[in-house]
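Asks: Questions regarding the structure given below will be posed in turn.
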Amino acid sequence: MKIDHIGIAVKNLQDALNQYEKILDKPTVQIEEVPSEKVRVAMIAVGETRIELLEPLSEDSTIAKFITERGEGVHHIGLTVEDIKSSIAKLSEAGLRVIYPEPRLGSHGKTITFLHPKSTKGVLIELCQLPK
Ligand code: CO
């Protein structure tokens, strides 16, 4: 397992990118819309991991609700798993709250689900299986 990315909720993707491009020297950025999550995503490579900037595409996006309630900031930590279905089964069995019992398609072809912050001491954890 490793940390795949750190997700940060932002109001405006271009504004956030301008800021992060100042911090990270000439970063590689990939932008994509993820309709299932109602977000526009910018993935910024940082060594072996990434910073994922998330801009809500609509008011009912979970990212829009997060920003309204808590402001911009760290939203989740993404961890890679080998086999997401077996991880979901194992963690559900262990009593953790899995938000999507059936994994969904995330950005860049990844298959994802989330662990509820109530199960993880307040931090939303995204599990991602990388495309084969
Ligand atoms: Co993510």
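Since every read-out is calculated from the coordinates, none of them should be taken as a lab result. The structure displayed is predicted, hence computed values, not measured ones. Cβ: placed from backbone, ideal geometry, glycine included. Neighbour counts: every protein chain shown.
Asks: Show that you can apply the helix-only estimate: for the chain, add -39,500 (n - 2.57) for every DSSP H stretch of four or more residues, divide by all residues, and state [θ] at 222 nm to the nearest 500.
Replies: -6500 deg cm²/dmol
Asks: With a cut-off of 12 Å, note down the residues of region 74-88 whose backbone N falls inside the zone around a label point 7 Å from the Cα of ILE23 toward its beta carbon.
Replies: 74-75
Asks: Starting from the Cα gyration tensor of region 71-122, take the square roots of the eigenvalues, sort them a ≥ b ≥ c, and report rounded, prolate or oblate (rounded when a/c is under 1.5, otherwise prolate if a/b is larger than b/c, else oblate). The partial results should precede the final answer.
Replies: Values: a/c = 2.11, a/b = 1.11, b/c = 1.90.
In terms of gyration-tensor shape, oblate.
Asks: Take a quick pass over the chain and tell me how many lysine pairs come in under 14 angstrom between Cα atoms, counting only ones 8 or more apart or on separate chains. Kindly include the intermediate steps, with their values, before the conclusion.
Replies: Values: LYS11/LYS38; LYS11/LYS65; LYS38/LYS65; LYS85/LYS110; LYS110/LYS132.
Within the chain, the lysine pair count is 5.
Asks: For the chain, state what percent of all Cα-Cα pairs lands in each successive 10 Å bin, counting from 0 Å until the bin that includes the largest distance.
Replies: 13, 44, 34, 8, 0
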